[in-house]
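The values are calculated or read from the model by the stated rules, or taken from the named source; none is laboratory data. Because the structure is predicted, anything quoted here is derived from the model rather than measured. Accessible surface areas use protein heavy atoms only, side chains included; no ligands, DNA or RNA. Shrake-Rupley method; radii C 1.70, N 1.55, O 1.52, S 1.80 Å.
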Amino acid sequence: MTARSGPALRALNHVLNRDSFDKLISAYKGSGGTARADDLALLLAEKGRGNFSSLARGIVRGEVFSIEWNNHFWLPMFQFEPCDMSMKGSVRKILCELTHVLDNWTLAAWFAEPNIWLKNRCPVDMLDANFPAVFAAARADRFVATG
């Protein structure tokens, strides 16, 4: 991962360590938390929404994202509808803007940290209430990242 400058992209300069992982896990508690991919696959199967293979395909296709830590893949649960565990279309649209310019750790930080385009509010906290603003922030940060 390359370091980038600019206040909108300060999340891009993370060090991948236990402290960073713990901070991300903590940041997502208010939006449904996180789940290990193995556990999430079981939950998807219970809800009739897929299995480990379909979850892996969703990750590869960029429909959802995960972070790898300690030989496990972790997924923030805000990416799924709580009632039926379907993948949120709003998240997919934002991922389309950002997955080509941010790695998964930086993407996880982007959602969880205050964003200058959102008046220093976290994208994950505004996603359901003001998707257009979060989408605009993602687009602006993509333009900043790509020059």
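Worth pointing out:
- Between helix 37-46 and the chain: long-axis angle, C-alpha atoms, 0 to 90°, nearest 10: 50
- The long axis of helix 18-27 is offset from the longest Cα principal axis of the chain by roughly 80 degrees.
- Per atom type, the range 11-111 shows carbon and sulfur on 52% of its accessible surface, probed at 1.4 Å.
- P(r) weight above 20 Å for the chain, C-alpha pairs, percent: 44
- In the chain, the longest principal axis of the Cα atoms and the axis of helix 89-98 are about 40 degrees apart.
- Accessible surface, the range 62-147, averaged per residue in Å² (probe 1.4 Å): 46
- Between the range 115-129 and the range 95-110, the Cα center-to-center distance that results, in Å: 15
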